[in-house]
Amino acid sequence: MSGIDEPLYPIAVLIDELKNEDIQLRLNSIRRLSTIARALGEERTRKELIPFLSENNDDDDEVLLTMAEELGMFIPYVGGVEHAHVLLPPLEGLCSVEETCVREKAVESLCRIGSQMKESDLVESFIPLVKRLAAGEWFTARVSSCGLFHIAYPSAPEPLKNELRTIYSQLCQDDMPMVRRAAATNLGKFAATIEQPHLKTDIMSMFETLTQDDQDSVRLLAVEDCAALGKLLEPKDCVAQILPVIVNFAQDKSWRVRYMVANQLYELCEAVGPEGTRTDLVPAYVRLLRDNEAEVRIAAAGKVTKFCRILSPEIAIQHILPCVKELSSDSSQHVRSALASVIMGLAPILGKDATIEQLLPIFLSLLKDEFPDVRLNIISKLDQVNQVIGIDLLSQSLLPAIVELAEDRHWRVRLAIIEYIPLLASQLGVGFFDDKLGALCMQWLKDKVYSIRDAAANNVKRLAEEFGPTWAMEHIIPQVLDMINDPHYLYRMTILHAISLLAPVMGSEITCSKLLPVIIAASKDRVPNIKFNVAKVLQSVIPIVEQSVVENTIRPCLVELSEDPDVDVRFFANQALQATK
């Protein structure tokens with residue numbers, strides 16, 4: 001190697017590794033392109049490295065993907081914006097490869113480079129590149145070209161602008177569905193750069209072509225264009241040209257297109273404004289809520305709350321609520337689950353009376369649903385209803401169902417209830433809580449599932465914080481301490497965990513008088529797991545109690561544990577002893 005001129009060495013290594021049979025070596029060298037470019041300097045990067053990469057575009061997809069990404073950030077290495085055009089040829093080659101992710105990355109990099117290029121370079125280099133790709137023999141080039149028009153168009157002189165619009169119009173009618181799909185996907189971005197007069201004529205005729213495409217995969221992408229174009233057009237044009245398309249799409253023969261309308265409905269409503277929404281989109285939405293395809297109903301149900309926010313409560317109660325009632329007993333559990341995840345948000349929109357009359361029965365039926373996710377979605381949003389109807393009504397109507405769910409056979413439902421308990425406790429107040437929910441909180445500490453026991457220990461701590469140490473001393477501490485003698489060691493471990501969480505809340509005095517003796521007694525347990533957890537708990541208690549207690553009570557116990565036969569017990573005891581010093 002000594003014979004090779006030193007500056008040539010990096011490029012020699014790169015070329016060697018790029019031609020190496022081992023893909024990993026080729027990948028490594030491609031990832032080091034910026035390092036190599038720095039070593040070569042700007043001029044040699046332009047004259048040697050970039051031409052070499054242009055010839056090297058028949059490699060493995062992973063190598064090409066990395067190359068497409070690297071080149072997007074290469075402007076500083078070729079001498080800045082003035083020389084950015086030299087990066088276009090290798091990326092142009094990558095825009096035609098078969099692998100979609102490579103093409104997409106190449107288009108992304110071209111957009112990044114094009115957005116920084118000088119106007120004259122765009123006209124001389126970038127726009128001809130777009131035209132070459134759009135006229136490509138292989139469909140992959142034409143697909144890639146669709147993503148570049150929005151960068152090329154603003155800088156083009158008037159005759160070229162006309163030509164670019166014509167080319168895009170041809171791409172919207174291309175023989176290959178993949179090209180038409182790409183044209184539909186990028187129409188919104190292209191339209192945003194186009195002057196208002198041409199928007200109403202040229203772009204709207206392209207849009208119309210795409211909406212009548214015989215492939216549903218093209219039509220469903222045109223649904224997204226409805227929202228994008230609606231925001232660019234004046235309101236009256238939007239109602240005249242976009243609204244009829246949306247209404248037709250909502251009745252399209254392909255369920256995928258209807259699904260897309262249901263999914264994009266809120267954005268479409270924003271585009272057509274309140275008047276168009278009331279007169280045309282409410283009936284269309286009602287049809288989607290009653291669609292015969294479950295996937296469409298799922299998408300529509302998930303948008304109920306957002307849609308009703310745009311409407312007056314009267315229209316929502318008259319038109320949408322009957323559909324919501326039907327969906328709450330839908331044959332598909334996924335539809336019910338989608339509804340349950342948003343239905344609570346209807347309470348503030350409809351107001352107190354409608355919530356009590358119309359929504360509460362639906363909530364109750366969903367709370368008793370056989371599918372755990374449905375029950376879960378209702379529980380996790382109960383506070384939204386509480387703000388509207390008040391805690392008295394909520395506790396009368398929904399609390400029996402909540403108590404029932406606290407013993408649900410699905411542990412995730414039990415977990416959701418536990419996490420909701422502190423919020424419920426703060427809303428219900430201490431008296432109500434003691435009557436109905438106190439026993440449940442203790443019961444969870446002995447659940448079969450660890451996650452429930454862990455959440456229950458945290459729950460006990462949060463209740464002590466909510467209602468104060470005096471209440472906790474009367475209602476929590478005695479019951480928790482009773483459980484330390486449970487025959488099952490896993491439950492004893494949960495109690496130790498609960499004690500470690502309660503100690504900081506209860507303060508030094510109660511910790512020393514009530515909690516510490518129980519922890520010390522547990523250090524004599526026959527199960528090593530309990531003993532090393534005792535060491536951990538004692539370590540967490542040290543900052544809370546006075547130094548004399550540490551010296552007289554905690555330290556002797558830890559010394560004893562540090563001589564235990566079990567290696568883990570000794571380890572945690574010694575770790576805790578370090579903290580006593």
**Message:** In whole Hz and in residue order, list the ³J(HN,Hα) couplings for region 162-178 that follow from phi through the Karplus curve 6.51 cos²θ - 1.76 cosθ + 1.60, θ = phi - 60°; x for Gly and Pro.
**Reply:** 4, 5, 5, 5, 5, 4, 5, 4, 5, 5, 5, 10, 4, 5, 8, x, 4
**Asked** Which Rg and Dmax, in Å, describe the Cα atoms of the chain?
**Response** 33.9, 93
**Message:** If you average the C-alpha positions of region 442-462 and of region 135-161 separately, how far apart do those two centres end up, in angstrom?
**Reply:** 61
**Item:** Around LYS306: net Lys/Arg minus Asp/Glu count, Cβ-Cβ under 11 Å
**Value:** 0
**Request:** Determine how large the accessible area of TYR153 is when every protein chain is in place; take a 1.4 Å probe and give Å² rounded to the nearest 10.
**Result:** 0
**Inter-centroid distance (Cα atoms) of region 187-228 relative to region 330-369, Å** = 37
**Request:** May I ask you to compute the full-extension gain from ILE315 to SER380, defined as 0.36 nm times their residue separation minus their alpha-carbon distance, rounded to one decimal in nm?
**Result:** 20.7 nm
**Prompt:** Accessible area, 1.4 Å probe, largest first: how do TRP138, TRP471, TRP444 sort?
**Reply:** TRP138, TRP471, TRP444
**Asked** Using Cα pairs under 8 angstrom and six or more residues apart, how large is the relative contact order of the chain, in percent?
**Response** 5
**Prompt:** Rounded to the nearest whole Å², what accessible area per residue is found for region 312-379 with the 1.4 Å probe?
**Reply:** 39
**Prompt:** In this model, which of LYS105/LYS189; LYS231/LYS306; LYS461/LYS536; LYS236/LYS303 are farther than 21 Å apart at the alpha-carbon?
**Reply:** LYS236/LYS303
**Prompt:** So how much accessible area does SER508 have, in Å² to the nearest 10, using a 1.4 Å probe?
**Reply:** 40
**Request:** Express the accessible area of region 467-543 per residue in Å², computed with a 1.4 Å probe while the remaining protein chains stay in the model.
**Result:** 43
**Prompt:** About its Cα centre, how strong a charge dipole does region 72-127 have in debye, to the nearest 20, once Lys and Arg get +1 and Asp and Glu get -1 at the Cβ?
**Reply:** 140
**Fill in**
Log10 I(q)/I(0) at q = 0.17, 0.19, 0.20 Å⁻¹ for region 208-250, from Debye over equal alpha-carbon scatterers, is -0.41, -0.51, -0.56
**Complete:** What helix-only [θ] at 222 nm does the chain give? Using -39500 (n - 2.57) per DSSP H run of at least 4, over all residues, to the nearest 500, the answer is -19000 deg cm²/dmol
**Item:** Cα shape, region 128-184, gyration tensor, a/c 1.5 rule
**Value:** prolate
**Asked** Using a simple spin-label model with points 7 Å from Cα along the Cα→Cβ vector, what separation in nm is obtained for GLN173 and ILE23?
**Response** 4.3
**Message:** In whole Å, what are the extents of region 424-581 along the principal axes defined by its C-alpha atoms, from largest to smallest?
**Reply:** 49, 34, 20
**Prompt:** Any idea what the relative contact order of region 268-332 is, in percent, if you count C-alpha pairs under 8 Å spaced at least 6 apart?
**Reply:** 32
**Asked** Rg(Cα) of region 58-179 divided by 2.2 N^0.38 Å?
**Response** 1.01
**Message:** Whole-Hz ³J(HN,Hα) for each residue in region 286-298, computed from phi via Karplus 6.51 cos²θ - 1.76 cosθ + 1.60 with θ = phi - 60°, x for glycine and proline: what do you get?
**Reply:** 4, 4, 5, 5, 10, 4, 7, 9, 4, 4, 5, 4, 4
**Fill in**
For region 438-455, in residue order, the Karplus 3J(HN,Hα) values (coefficients 6.51, -1.76, 1.60; θ = phi - 60°; whole Hz; Gly and Pro = x) are x, 5, 4, 4, 6, 4, 5, 5, 10, 5, 6, 9, 4, 4, 6, 4, 5, 5
**Complete:** Sorted largest first, the Cα spans of region 493-557 on the principal axes come out in Å as 29, 23, 16
**Item:** ARG44-GLU509 pseudo-label distance in nm [points 7 Å out on the Cα-to-Cβ vector]
**Value:** 8.1
**Message:** Is the C-alpha gyration tensor of region 124-274 telling us rounded, prolate or oblate? Criteria: a/c under 1.5 is rounded; beyond that, a/b larger than b/c is prolate, otherwise oblate.
**Reply:** oblate
**Fill in**
So the carbon and sulfur contribution to the accessible area of the chain, 1.4 Å probe, in percent, is 50
**Request:** Just add up the charged neighbours of PHE572: K/R +1, D/E -1, any other residue whose Cβ is under 9 Å from the Cβ of PHE572.
**Result:** +2
**Item:** Values of log10 I(q)/I(0), in the order q = 0.12, 0.16, 0.21, 0.22 Å⁻¹, for region 220-307 under a Debye, Cα-only, solvent-free model
**Value:** -0.29, -0.52, -0.90, -0.99
**Asked** In terms of the Cα gyration tensor, with a ≥ b ≥ c the square roots of its eigenvalues, is region 276-381 rounded because a/c is under 1.5, prolate because a/b exceeds b/c, or oblate?
**Response** oblate
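The values are calculated or read from the model by the stated rules, or taken from the named source; none is laboratory data. These figures come from a predicted structure and were not determined experimentally. Backbone-built Cβ (ideal geometry, glycine too); neighbour counts: all protein chains shown. Areas reflect the complete protein model, heavy atoms only, side chains present, ligands, DNA and RNA absent. Shrake-Rupley method; radii C 1.70, N 1.55, O 1.52, S 1.80 Å.
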